[in-house]
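Take a look at the structure set out below.
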Amino acid sequence: MCGIFGYVGKVDVGQTLVTGIRRLEYRGYDSWGVAIGGDDGLTLFRRVGRVSQVDEPFKLAAAKSWGGIAHTRWATHGEPAERNAHPHMDGAARFAIVHNGIIENHAVLRDRLRAQGCVFQGETDSEVIVHLIASLYDGRDPRAAFVGALRLLRGAYAVAMICADAPGTIFIARDSSPIVIGRADGCAVVASDPCAIVPFTRDGIYLADGEVCALREDGYRIWNLKDEPVEGVVQKLAYDLESVERGTFKHFMLKEIYEQPRTIRDAMRGRLARGSGTTRVDGLGLTEADIRRIRSIRILGCGTSWHAGLVGRYLIEEMARIPTVVEYAAEFRYAARVLEPDTLVIALSQSGETADTLGALREAKRLGATVVGLCNVVGSGIARECGRGLYLRSGPEIGVASTKAFTSQLVVLALLALHFGRVRGMSLADGVRFLDALEALPDQAEQILGNTDAIAEMGRLVAGHRNALYVGRLYEYPLALEGALKLKEISYIHAEGLPAAELKHGPIALVDKDMPVVTLAAQTGAFEKMKSNIEEIRARGGRILAVCREGSEDLRSMAERVICIPPTLDPFVPILGALPLQLMAYYAAVERGCDVDRPRNLAKSVTVE
Ligand code: F6R
């Protein structure tokens, strides 16, 4: 959840480090810091808050330097404070490290180091790494001390280290947390996320778990933990600069919402087999016989990905008739679950790094399940752990609130469900009908985004309230959950998503003239029932904000505000319906003056449990 950036080269080291770390700020932003290596040893700067401009002493140190490492933090151990910000240094200021991940045995190591006379500045688990390295240093071989320390760590890490005795080198290691290096003319860079590398080069080398690298301006060497040399594999980084810049949009979230006509199309590109009324999902690595053998499906994810999983359940049960259960990854992981034979486990994750999902996936494997991953980030931990699956192809999602990845997850789940359905008895005609509807989605999304005045107005209306309810049935129930999550995470308005029929079993007690109720009524199958629910809410004085399909004009007389989306088949309503709900949350947050791309207390990629 934190960002690492490092640079070796001659171009304004201070500014380069600050610019690099600012690109990663979306991953964590309660404090930041930089360690600079120069003729006079190492110099440390740490600050609480967002990455800001550098001050004079910082510029002076940077002017005489060969490079450095930088970090932006989202606190897990220890409050956001300068003493807890990275980089961390040992007492002699010989080593500086930055770390992403969690060191599980930090308490034991801390006690041991304290007993040896080590003085800790803060409370982070990461600080033990630098003291451990210093304690193992023989005065000659910094890499040996680095590797020695790594061997004693339990947990997950991406670490970058500089040493006053090794000018011009950044030492890097990885276990379960992503890290990528790159070289360009006259410089070398390392980052926890390729978006900070692409301004320098498109050729990146991802370190694998257990690998250690010495990176210099003129080259790099990689070893495994047994100290055997390893050949780094150069990969084209799939990021283009445009996708990591905001362009003319005021926020990344808004830009990403507007990208959805393209990302929905990209999620399907090359995966539709119209002639045979099915989809191509070869990445799953499942033969037709394998698919016929599946007895049940378990979908695992967190947050927005869990909501996508709930839609996936409806899709799979309707199209493929396979019993499906959706679970919060962290619950599955620790709940002593029982999986029946021939269960397929689907791990859903935008980042592919979510610790809860990764842990649940490992548990599912231990229980003998076949696992596949639906991830956005290529080469991420979950993608690697599964070894097979489908990528979402939505490009980097920088805004903390997930938007385009959600709709891509729904598309990819629909492709999977359709393929499984066709293998298990769905007719060709039905297959083609679903494909036609899928193909129409990008243009329909474009249409929604072409006229957003009513949505913005609805967002501003909600902004004036302290609470909101979202209700929907069937496919629009998970959508209600997702709409409520979007609103609460970026505007801090308390919101609940509910199955519309559940309202009368309790929550309707909350409804009065101050309660906006976003009623989702765009499915044909559930429309009449939703009208009855709307009447119930009206009778208690609630303010109805309806999302319905074009043509359901009779709702206008029942609702205070109505937004219409183009007609599609019920299973795909959440894909189109997500757009107005995302925008509504966005406009509510802007109206309330919230920091849309960096909501309080949140981080983009949750790599702790
Ligand atoms: C909400 C949001 C989070 C994530 C959740 C899982 O907008 O972004 O709820 O969906 O932390 O993250 P991934 O999908 O990366 O596993």
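Give me the residue from region 390-410 that is of a type in the set (D, E, K, R) and within 12 Å of the ligand (Cβ to nearest atom) and, out of that set, modelled with the lowest pLDDT.
Within region 390-410, the match that is modelled with the lowest pLDDT is 397.
Return yes or no: is residue 34 open to solvent by less than 10 Å² (accessible area, probe 1.4 Å), within 17 Å of residue 169 (Cα to Cα) and of a type in the set (Val, Ile, Thr)?
Judged against the criteria, residue 34 is a match.
Where the second residue is surrounded by fewer than 24 Cβ atoms within 10 Å (Cβ to Cβ) and of a type in the set (S, T, N, Q) and the first is at pLDDT 95 or above and lies in region 343-357, which pairs have Cβ atoms under 6 Å and are six or more apart or on separate chains?
Close Cβ pairs (under 6 Å, with a partner that is surrounded by fewer than 24 Cβ atoms within 10 Å (Cβ to Cβ) and of a type in the set (S, T, N, Q)) amount to 343/296; 344/370.
If you take the residues in region 458-514 that are acidic (Asp, Glu) and open to solvent by 20 Å² or more (accessible area, probe 1.4 Å), which one is nearest to residue 538 (Cα to Cα)?
512
Yes or no: region 557-578 includes at least one residue that is within 15 Å of the ligand (Cβ to nearest atom), buried (at least 19 other Cβ atoms within 10 Å of the Cβ), farther than 20 Å from residue 503 by Cβ and under 21 Å from the mean Cα position of the chain (by Cα).
Among the residues of region 557-578, at least one is within 15 Å of the ligand (Cβ to nearest atom), buried (at least 19 other Cβ atoms within 10 Å of the Cβ), farther than 20 Å from residue 503 by Cβ and under 21 Å from the mean Cα position of the chain (by Cα), which makes the answer yes.
Is it true that residue 231 is under 28 Å from residue 68 (Cβ atoms) and exposed (fewer than 15 other Cβ atoms within 10 Å of the Cβ)?
Yes.
Residue 68 fails exactly one of the following numbered conditions: (1) outside any strand (DSSP E or B); (2) closer than 30 Å to residue 604 by Cβ; (3) over 26 Å from the mean Cα position of the chain (by Cα); (4) of a type in the set (Gly, Ala, Ser). What is the number of that condition?
(1)
Is it the case that residue 79 is surrounded by fewer than 19 Cβ atoms within 10 Å (Cβ to Cβ) and closer than 30 Å to residue 359 by Cα?
For residue 79, the condition - surrounded by fewer than 19 Cβ atoms within 10 Å (Cβ to Cβ) and closer than 30 Å to residue 359 by Cα - is met.
Quick check: is even one residue across region 307-321 open to solvent by 10 Å² or more (accessible area, probe 1.4 Å), more than 23 Å from residue 434 (Cα to Cα) and not hydrophobic (A, V, I, L, M, F, W, C)?
Checking region 307-321: not a single residue is open to solvent by 10 Å² or more (accessible area, probe 1.4 Å), more than 23 Å from residue 434 (Cα to Cα) and not hydrophobic (A, V, I, L, M, F, W, C).
Does residue 373 satisfy the criteria of being within 16 Å of the ligand (Cβ to nearest atom), open to solvent by less than 60 Å² (accessible area, probe 1.4 Å) and not aliphatic (A, V, I, L, M)?
yes
Could you say which residue among 51, 11 is open to solvent by less than 20 Å² (accessible area, probe 1.4 Å) and either part of a loop (DSSP other than H, G, I, E, B) or under 22 Å from residue 186 (Cα atoms) (or both)?
Testing whether each residue is open to solvent by less than 20 Å² (accessible area, probe 1.4 Å) and either part of a loop (DSSP other than H, G, I, E, B) or under 22 Å from residue 186 (Cα atoms) (or both) leaves just 51.
Pairs, please: C-beta under 8 Å, at least 6 apart or cross-chain, first residue within 15 Å of residue 416 (Cα to Cα) and in region 296-312, second of a type in the set (Gly, Ala, Ser) and near the ligand (Cβ under 7 Å from one of its atoms)?
These pairs meet every condition: 308/301; 309/301.
Taking into account only those residues within region 337-354 that are among the hydrophobic types (A, V, I, L, M, F, W, C) and more than 9 Å from the ligand (Cβ to nearest atom), which is nearest to residue 414 (Cα to Cα)?
This residue is 346.
Are there any pairs with C-beta distances below 8 angstrom linking a residue in region 480-493 that is modelled with pLDDT of 95 or more to a residue that is near the ligand (Cβ under 8 Å from one of its atoms) and among the aromatic types (Phe, Trp, Tyr), with the two at least 6 apart or on different chains, and if so which?
Close Cβ pairs satisfying both conditions: 482/406.
Kindly evaluate residue 64 against the criterion of being out of contact with any Asp or Glu (no Cβ under 6 Å at 6 or more places or on another chain), of a type in the set (Lys, Arg) and either farther than 26 Å from residue 352 by Cα or open to solvent by less than 10 Å² (accessible area, probe 1.4 Å) (or both).
So residue 64 does not fit the description; no.
Sort out which residues of region 327-363 are open to solvent by less than 60 Å² (accessible area, probe 1.4 Å) and at positive phi, and write them in order of number.
Passing the criteria: only 352.
Working only within region 154-166, note down all residues that are at pLDDT below 95 and under 15 Å from residue 211 (Cβ atoms).
156, 157, 158
The values are calculated or read from the model by the stated rules, or taken from the named source; none is laboratory data. The structure presented is a predicted model; accordingly, all values stated were derived computationally and were not measured. Cβ: placed from backbone, ideal geometry, glycine included. Neighbour counts: every protein chain shown. With ligands, DNA and RNA removed, areas are computed over all heavy atoms of the protein, side chains included. Shrake-Rupley method; radii C 1.70, N 1.55, O 1.52, S 1.80 Å.
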